[in-house]
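Rule-based calculations on the coordinates, nothing more; no lab input. This is a predicted model, so every value here is computed, not measured. All Cβ positions, even for glycine, are placed from backbone atoms using ideal geometry, and neighbour counts span all protein chains on display.
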Amino acid sequence: MTKNIPSLEMKNVTFGYRNSGLTLAGMSLDVGEGERIAILGESGIGKSSLLRVIAGLERITSGQIFIHGRLVSAENVHCSAEERKVGMVFQDWAVFPHLSVFENIAFGLRSRGKQNEERERVKQLLEEFELEGLASRSPDTLSGGQLQRVACARALAPRPEILLLDEAFSSLDVGLRKRIREQVIKALKIERAASVLVTHDPAEALEFADRVFHMRDGILLEAKTHNEFRQ
Amino acid sequence: MKIFLQIFIFALVAVFLAPVFALLNEGVQSLVSEKATLSSDLLSRYGLTSLLLLAGSVSGAVLFGTSAAYLCARFDFRGRRLIQWLSILPLGVPSYLVAYTWVDFLVDQGVPGGSLRNLPNTCFVFAVCLSPYVFLPSFSAFSALSGSLLESAKLLGKSQFEIFRLIEFPLARASMFAGGILAGMEVLADFGTVDFMAIDTWSTGIYRSWFGYGDRGRASLLAVILFLISGTLLFWETNVRAKNSLARSGRSVSFHTRKKLPFIKSLPFLFVALIPALVSCVFPALILTQRVYSKSDPEQWASVVSPALTTLGMASVSSVIVVVLGLAMVLIWRSNPGKFVRSLARIGALGYALPGGVLGLGLLILLAPFSLTGSVFGLLLAYCIRFATIGTSTLEAAWLAIPRVYDEQARLLGCTSWGVFNRVTLPLLQNSIACAFILTCIDIVKELPATMLLRPFNFETLAIRTYNLASDERLSETAPSSLAMIALCMTGVFVAEKLGAFGVSERSRSGK
């Protein structure tokens with residue numbers, strides 16, 4: 001794991017929604033290449049806002065965010081979401097209902113002008129996520145688990161530098177959740193992409209991540225030992 | 001970009017409101033120069049008749065619309081889907097056409113024509129024709145009531161009637177009311193029916209003042225008053241709907257299961273629910289078909305071809321413009337334009353509050369200096385101003401139903417703003433675009449007063465042809481053009497319903 005140039009670096013980032021207090025209050029975080037981290041915290045504490053800030057869907061108030069050493073967010077700098085090479089899997093997956101499974105997975109490749117490798121890349125991801133045979137299916141004919149895998153494959157297709165997972169496994173049953181989580185970890189290892197998982201399930205955080213953080217009062221506290229984690 | 005949007009919206013609103021200002025200017029000038037006066041006698045005559053007509057028509061529409069909506073939303077019985085479908089059919093038939101057909105038919109049966117043309121009969125015609133305006137929001141409200149809410153009331157010992165009185169009615173009241181207000185606006189805007197039924201309303205007063213007495217000032221003043229009443233009703237309706245949606249948003253809604261209703265018990269309800277469709281569509285269509293076939297004159301169809309083509313052409317071109325305007329509005333909403341632009345756009349939506357006649361007069365005054373009265377341009381402008389709200393509200397509602405997360409996901413996958421619109425928003429709006437187009441077309445096919453005032457010389461639409469023949473008391477000759485109008489509008493209603501425009505089909509209710 002190379003830590004020289006972190007995949008993601010946040011320095012004293014503050015962010016808050018209008019008419020409410022600071023959601024992120026001087027937050028700092030480093031995520032190395034291929035590293036997986038998990039963030040735990042109560043509902044409504046701002047975990048999803050953190051991911052939205054990293055993704056470029058929200059502007060920060062102060063501080064700096066670097067992706068692979070490139071400044072993408074600061075007080076007067078905002079690199080838009082489409083320029084960041086960050087993938088995200090939302091809690092409700094957001095699989096485009098008007099596109100087939102194949103078209104959903106190929107969506108980001110076409111946006112980024114990678115049409116020539118489209119067929120091969122989609123085929124590879126269909127295999128990795130056990131979606132062969134579903135390529136031409138419409139999303140409304142898929143089960144929750146299948147939709148979840150489509151969403152993960154789609155986010156990984158353009159080879160993002162960072163993958164953000166917002167409670168991405170929480171609405172699945174335990175067995176399926178474990179299987180899909182393993183598929184995602186395997187794919188992340190192949191791509192050597194860093195990832196940030198936001199969850200409220202400690203067991204999931206522990207199984208997924210190399211490092212686990214607690215979010216409290218707008219900052220992150222790293223749980224270094226199992227005891228700390230339990231606390 | 002923001003300034004460009006503000007200028008665009010501002011220009012649009014200026015064009016939409018220009019006819020009102022033209023009328024206001026004309027009316028005020030006439031008052032100042034004492035050319036026009038509005039006597040209290042005149043005002044009370046038009047006002048009282050309009051009020052009585054409004055009260056009778058809206059009460060009837062609420063009775064028919066709510067009965068059908070409650071029956072279809074809360075009970076399961078043989079023929080329920082047919083009733084749901086039949087209840088929206090009157091949307092495809094203009095009320096003046098229903099009046100012509102029934103009067104012609106009953107006079108043929110020996111009923112004196114004079115005894116048919118009165119206020120109660122006119123109220124009945126409006127009630128059946130406008131019942132879908134109440135049926136659609138009421139059906140939606142009754143269907144959305146939480147099943148657990150109703151079951152809780154039952155467990156607390158309430159009877160079916162008490163549940164209706166204490167829970168169902170209060171929770172659906174706002175929707176019924178909003179539907180009633182829209183029906184009322186249509187009553188006030190109508191000219192063809194009241195003119196034929198010899199009822200003195202604001203609408204007929206405007207025409208009589210302008211064309212009968214050549215009193216432009218008085219006509220303008222009456223038109224401004226009518227616009228203010230309609231505008232107030234629209235504002236009221238928007239507020240009622242907004243409050244209702246706020247009241248709903250805080251509650252999780254589970255679709256209740258319908259209660260089985262034995263066929264015999266459903267008969268009285270069925271009877272009430274079927275009246276609007278039978279009176280406004282089924283019987284008129286049968287009567288008109290019988291008229292056409294009994295005449296067996298091939299020439300009668302030839303005379304309808306040109307007006308039909310004109311109608312289709314005007315409706316298509318105007319609807320395309322309306323849909324493009326609607327899409328432009330969606331683009332503007334997506335860019336999060338701020339309160340000022342939103343308020344301006346809301347003012348622009350007042351076009352719907354402009355009755356066709358009022359709009360027609362306003363444009364006549366406005367376009368006269370440019371020699372554009374009696375031009376296709378003037379007519380297109382009138383249709384766009386009058387019906388732009390259909391396009392914008394249909395597309396805006398559909399756009400609001402698209403989860404924002406799709407936009408965000410597309411951006412994260414590398415799409416620019418245009419890419420998101422082109423690859424996500426536009427394909428997801430496809431059905432709604434088709435619906436907006438069809439609904440606008442239907443309204444334009446039915447539109448009469450603005451077309452009458454602004455059409456070029458020798459320019460005949462189906463509505464104009466039908467009206468002209470009816471005005472000459474050649475009612476039996478209206479059959480081919482009336483039938484063509486019904487066929488066009490019914491096809492539109494059918495396709496729009498299939499696309500989920502009204503939200504009454506099982507498919508659209510299940511959210512697919």
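Here are the numbers for the structure shown:
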quantity	calculated
Alpha carbon centroid spacing (whole Å) that separates region A:37-69 from region B:439-462	57 Å
Ascending count of other beta-carbon atoms within 10 Å, so fewest first, for B:Y293, B:Y100	B:Y293, B:Y100
Residues with amide H under 5 Å from that of A:L8, placed H, sequence gap 5 or more	A:V31, A:H68
Residue order, fewest to most beta carbons within 10 Å, for B:V324, B:V103	B:V324, B:V103
Exercise: per-residue mean of other protein chain Cβ atoms within 10 Å, B:413-423	5
Degrees between helix A:101-111 axis and first principal axis of chain A (Cα, 0 to 90, nearest 10)	60 degrees
For peptides B:188-201, B:69-82, sequence by mean Cβ density within 10 Å, most packed first	B:188-201, B:69-82
Percent antiparallel among DSSP beta bridges (both partners in region A:8-230, rounded to 5)	55 percent
Euclidean distance of C-alpha centroids, region B:328-342 and region B:191-238, integer Å	34 Å
Contact order relative to length of region B:9-509, as percent, for alpha carbon pairs under 8 angstrom and 6 or more apart	23 percent
Rounded to whole Hz, the Karplus (6.51, -1.76, 1.60) HN-Hα couplings of region B:152-161, x for glycine and proline	4, 4, 5, 5, 8, x, 7, 7, 4, 5
For the protein assembly as shown: rounded, prolate or oblate by the Cα gyration tensor [a/c cutoff 1.5]	prolate
9 Å beta-carbon shell around B:W210, net charge (K/R +1, D/E -1)	+2
Vicinal HN-Hα couplings computed from phi for region B:41-48 (Karplus, 6.51 cos²θ - 1.76 cosθ + 1.60; Hz; Gly/Pro x)	5, 5, 4, 5, 5, 5, x, 5
Under 5 Å, built H, 5+ apart or other chain: amide partners of A:I162	A:G87
Bins of 20 Å, starting at 0 and running to the largest distance - Cα pair percent for region B:9-509	22, 55, 22, 1
Under 12 Å, Cβ to Cβ, from B:A183 - net charge with Lys/Arg +1 and Asp/Glu -1	-3
Cα-projected label distance for A:N4 with B:V317, points at 7 Å along beta-carbon direction, nm	6.9 nm
Cross-link pairs B:K260/B:K446; A:K47/A:K189; A:K11/B:K339; B:K260/B:K498 - those with Cα-Cα distance over 28 Å	B:K260/B:K446; A:K11/B:K339
Three-way shape call for region B:149-289 based on the alpha-carbon gyration tensor, with the a/c threshold at 1.5	oblate
Per-residue Cβ neighbour rank within 10 angstrom, fewest leading, B:F211, B:F126	B:F211, B:F126
Under Karplus coefficients 6.51, -1.76 and 1.60, residue-wise ³J(HN,Hα) of region A:197-203 in Hz, glycine/proline x	9, 9, 8, 10, 9, x, 5
Amide H partners (placed H, <5 Å) of A:A168, local residues excluded	A:V198
Region A:131-172: C-alpha gyration tensor shape, a/c 1.5 cut-off, then a/b vs b/c	oblate
Beta bridges per DSSP with both ends in the protein assembly as shown, % antiparallel, nearest 5	55 percent
